[in-house]
Amino acid sequence: MVQRILSAFSAPKPRPLPEPDARLALGALMVRVAKSDAAYRVEEIARIDRILAAANGLNPVEAARMRADCEKLERAAPGTDAFAALIRDTVAHDGRLDTLRALWQVTLADGVERPEELDVIETTRIALGLTPEDNDAAHTAAQMTPK
């Protein structure tokens, strides 16, 4: 009986982290770029949710849940290059360009390109096996994306 009472006061066990795949790796990278300047802004969160919803056919609630999983993965994740390598090894070139474009969209969501965010993008670009020209094209495409 004492054990039942004590268990009522204990915190519920957290849900285990999902196994990272290319979809979750993209989400975690978007979270990482958004948090890299130590300010995780609502504009960045909204942009991440919209990208996740569009890329995965999710409704807004499902996208927010997926982002929450991505936030947990990002905290527990290895280096940016390891996450990007998961995408590089499983996604074709066009998909990797889409990944870079998504990172730029998150970076531009609050209207300011901060050095910390640019560092994450550059590390990701290299790990994805993309060229500086690919990066320039992704940046330009992200600038044209409606907010």
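Selection of first residues in segment 119-137 that are on the phi > 0 side of the Ramachandran plot and of second residues that are assigned to a helix (DSSP H, G or I), restricted to Cβ pairs under 6 Å at least 6 apart or on distinct chains, gives the following pairs, ordered by first then second residue: Gly129/Arg88.
Of all positions in segment 88-95, none carries a residue that is touching a Lys or Arg at 6+ places or on another chain (Cβ under 6 Å) and of a type outside the set (A, V, I, L, M, F, W, C). Report, by residue number, each residue of segment 119-134 that is part of a loop (DSSP other than H, G, I, E, B) and either within 12 Å of Asp37 (Cα to Cα) or among the small types (Gly, Ala, Ser) (or both). Of everything in segment 119-134, just one residue is part of a loop (DSSP other than H, G, I, E, B) and either within 12 Å of Asp37 (Cα to Cα) or among the small types (Gly, Ala, Ser) (or both), namely Gly129.
The set of residues from segment 92-118 being surrounded by fewer than 18 Cβ atoms within 10 Å (Cβ to Cβ), within 11 Å of Val33 (Cβ to Cβ) and in contact (Cβ under 8 Å) with a residue 24 or more places away in the chain comprises Arg114, Glu116. Checked against the criterion of being under 13 Å from the mean Cα position of the chain (by Cα), assigned to a helix (DSSP H, G or I), closer than 17 Å to Ala22 by Cα and at pLDDT 95 or above, segment 103-118 has at least one qualifying residue. Screening Ala63 against (1) loosely packed, with under 15 Cβ neighbours inside 10 Å; (2) among the aliphatic types (A, V, I, L, M); (3) at pLDDT 95 or above leaves a single unmet condition, (1). Just a yes or no: is a residue in segment 79-87 surrounded by fewer than 20 Cβ atoms within 10 Å (Cβ to Cβ) and more than 12 Å from Ala25 (Cα to Cα)? Within segment 79-87, none of the residues are surrounded by fewer than 20 Cβ atoms within 10 Å (Cβ to Cβ) and more than 12 Å from Ala25 (Cα to Cα).
The number of residues in segment 1-45 that are modelled with pLDDT of 70 or more and either part of a helix (DSSP H, G or I) or among the charged types (D, E, K, R) (or both) comes to 21.
The values are calculated or read from the model by the stated rules, or taken from the named source; none is laboratory data. Everything numeric in this text was worked out from a predicted model, so none of it was measured. Cβ coordinates were reconstructed from backbone atoms using ideal geometry, including for glycine residues, and neighbour counts include every protein chain displayed.
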